[in-house]
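Colleague: Next up is a structure, given as structure tokens.
The values are calculated or read from the model by the stated rules, or taken from the named source; none is laboratory data. It should be emphasised that the depicted structure is a prediction, and the values quoted were computed from it without experimental measurement. Note: ideal-geometry Cβ built from the backbone for every residue, glycine included; neighbour counts use all protein chains shown.
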Amino acid sequence: MLAKPLLGQVEQTSNAAALEQLGLGSVRYDLEPATIRAWLQGPGSAPVHYPDVQAAIVDWIDMGMATGIGEFSSALWAGSSLARATNP
């Protein structure tokens, strides 16, 4: 993922730093053609597979919400490739 945070927006700068630290993206503060070209020619990243959140929530509700939201959320995201990438 290529991110270009808006200058002066602290939250965007923070999110961009998190993307880089987690190894999930690259940050550029200018989007000149040479910058984009270099990023496109760089190493690719592994795809991230997200869980089917909508179906999981429906199932959780249908089962009477037997577990708390924290446990449900942890179990749902534990199987995602994003969780494995950020929690080796």
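Colleague: Which numbered condition trips up T35, out of (1) surrounded by fewer than 10 Cβ atoms within 10 Å (Cβ to Cβ); (2) over 20 Å from the mean Cα position of the chain (by Cα)?
Modeller: It fails just one condition, (1).
Colleague: If E11 satisfies all but one of (1) at pLDDT below 90; (2) exposed (fewer than 10 other Cβ atoms within 10 Å of the Cβ); (3) part of a helix (DSSP H, G or I), what's the number of the condition it fails?
Modeller: (1)
Colleague: If the requirement is being at pLDDT below 90, touching a Phe, Trp or Tyr at 6+ places or on another chain (Cβ under 7 Å) and within 27 Å of G79 (Cβ to Cβ), which of these qualifies: P47, P51, P43?
Modeller: P51
Colleague: Which of the residues spanning the stretch 14-32 are in a loop (DSSP other than H, G, I, E, B), under 14 Å from the mean Cα position of the chain (by Cα) and exposed (fewer than 13 other Cβ atoms within 10 Å of the Cβ)?
Modeller: L22, G23
Colleague: Could you list, ordered by first residue, the pairs with Cβ atoms under 7 Å in which the first is in the stretch 70-84 and assigned to a helix (DSSP H, G or I) and the second is modelled with pLDDT of 90 or more and surrounded by 13 or more Cβ atoms within 10 Å (Cβ to Cβ), at least 6 apart or interchain?
Modeller: Short answer, once both residue conditions are applied: F72/W60; L76/A56.
Colleague: For the stretch 33-67: of the residues being in contact with a helix residue (DSSP H, G or I) (Cβ under 6 Å, 6 or more places away or on another chain) and in a loop (DSSP other than H, G, I, E, B), which is farthest from G8 (Cα to Cα)?
Modeller: Once the filter is applied, the top-ranked residue is P51.
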